[in-house]
Amino acid sequence: MKIKHMTDPRVRLVLVRHGESRWNVEDRYQGQEDSGLTEAGVAQAEAVAEVLVGRFGAAGMVVSSDLPRARDTAEPYRRLIDGTVREDARLREINVGTWTGRTRAEVMAAHPDDIAAVDGGVDIARGGGETYRQVRKRVWAALDEAAAGATGTVVVFTHGGPIRVATAEALGVPAPGERAFAPVLNCSYTVIDHGGPDGPHLLVAYNAPTTAGSRSTRVE
């Protein structure tokens with residue numbers, strides 16, 4: 001009798017939030033602008049690269065948001081595995097429109113009703129930018145595409161909002177879903193085993209810290 005060995009078709013997605021940025025420290029909405037990594041953020045990027053190689057090895061594919069804070073976080077890992085990084089703008093943080101560069105306190109003072117709506121779970125277009133439903137759609141499309149073109153492990157350098165909505169999508173949490181999950185630590189990783197177009201998907205790890213003193217942020 002011939003025995004057929006079944007293989008697991010799932011691709012492992014390792015989602016990594018960028019290192020600490022200057023606006024993270026200042027509690028400013030960053031959205032799709034960039035303030036650069038702090039010295040601590042650069043050190044976090046170096047540390048997470050070592051952790052990723054130790055735990056997942058050299059990924060078959062590395063993808064990054066095209067924003068500098070994500071690209072700069074990806075670079076130490078790219079160097080260690082002597083690989084390449086494919087950039088994808090769909091992995092950007094949520095667009096927060098006119099809130100960009102302002103602190104949460106400033107936005108709260110200027111737009112108290114909007115902040116109350118967000119805190120109450122209403123998925124508004126922040127600052128006239130995007131809703132989380134829109135972010136979820138574009139981020140999952142990018143992850144679907146990456147998984148379809150890879151085998152083994154894909155390491156994805158992205159942002160807190162995209163990681164939360166991707167986790168919601170993987171688990172079937174109704175959209176937008178980001179509020180079901182804790183804010184994401186700088187340079188933490190989240191692991192999703194992607195089950196292909198028809199699923200199922202499996203959440204292996206969420207928000208696993210890789211460096212001491214890394215922070216999460218309430219603002220995007």
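Taking the range 136-159 as the range and being outside any helix (DSSP H, G or I) and either surrounded by 20 or more Cβ atoms within 10 Å (Cβ to Cβ) or β-branched (Val, Ile, Thr) (or both) as the test, the residues that pass are THR151, THR153, VAL154, VAL155, VAL156, PHE157, THR158, HIS159.
With respect to LEU15, is the statement that it is touching a helix residue (DSSP H, G or I) at 6+ places or on another chain (Cβ under 6 Å), farther than 28 Å from LEU171 by Cα and surrounded by 15 or more Cβ atoms within 10 Å (Cβ to Cβ) true?
Working: touching a helix residue (DSSP H, G or I) at 6+ places or on another chain (Cβ under 6 Å): yes; farther than 28 Å from LEU171 by Cα: no; surrounded by 15 or more Cβ atoms within 10 Å (Cβ to Cβ): yes.
The answer is no for LEU15.
Taking the stated definitions as given, is LEU67 touching an Asp or Glu at 6+ places or on another chain (Cβ under 7 Å) and under 25 Å from ALA125 (Cβ atoms)? Talk me through it step by step, then tell me what you get.
Working: touching an Asp or Glu at 6+ places or on another chain (Cβ under 7 Å): yes; under 25 Å from ALA125 (Cβ atoms): yes.
The answer is yes for LEU67.
When the residues of the range 89-103 are filtered to those that are under 12 Å from the mean Cα position of the chain (by Cα) and of a type in the set (D, E, K, R), which remaining residue is nearest to GLY128 (Cα to Cα)? Only one residue tops the list, namely GLU93.
Looking at PRO176, PRO183, PRO162, which is the one that is in contact (Cβ under 8 Å) with a residue 24 or more places away in the chain, under 16 Å from VAL139 (Cβ atoms), surrounded by fewer than 24 Cβ atoms within 10 Å (Cβ to Cβ) and not β-branched (Val, Ile, Thr)? Steps first, answer last, please.
Numbers: PRO183 fails: under 16 Å from VAL139 (Cβ atoms); PRO162 fails: surrounded by fewer than 24 Cβ atoms within 10 Å (Cβ to Cβ).
The match here is PRO176.
Taking (1) surrounded by fewer than 21 Cβ atoms within 10 Å (Cβ to Cβ); (2) closer than 24 Å to ARG69 by Cβ; (3) in contact with a strand residue (DSSP E or B) (Cβ under 8 Å, 6 or more places away or on another chain) in turn, GLY127 satisfies each apart from (3).
Take the range 109-129 and flag every residue that is in a loop (DSSP other than H, G, I, E, B) and touching a residue at least 40 places away in the same chain (Cβ under 8 Å).
As a first pass, look at the range 109-129 and keep what is in a loop (DSSP other than H, G, I, E, B): 111, 120-125, 129.
Matches in the range 109-129: GLY121, ASP123, GLY129.
For the range 61-103, a tally of residues being in contact with a strand residue (DSSP E or B) (Cβ under 8 Å, 6 or more places away or on another chain), part of a helix (DSSP H, G or I) and either modelled with pLDDT under 95 or of a type in the set (S, T, N, Q) (or both) returns 1.
Looking across TYR132, TYR189, TYR206, one residue alone is touching a residue at least 24 places away in the same chain (Cβ under 8 Å) and within 21 Å of VAL25 (Cα to Cα). It is TYR189. Applying the condition of being touching a helix residue (DSSP H, G or I) at 6+ places or on another chain (Cβ under 9 Å), charged (D, E, K, R) and assigned to a helix (DSSP H, G or I) to the range 23-51 and asking which residue is nearest to ILE81 (Cα to Cα) yields GLU50.
The values are calculated or read from the model by the stated rules, or taken from the named source; none is laboratory data. These figures come from a predicted structure and were not determined experimentally. FYI the Cβ positions are ideal-geometry reconstructions off the backbone, even for glycines, and counts take in every protein chain you see.
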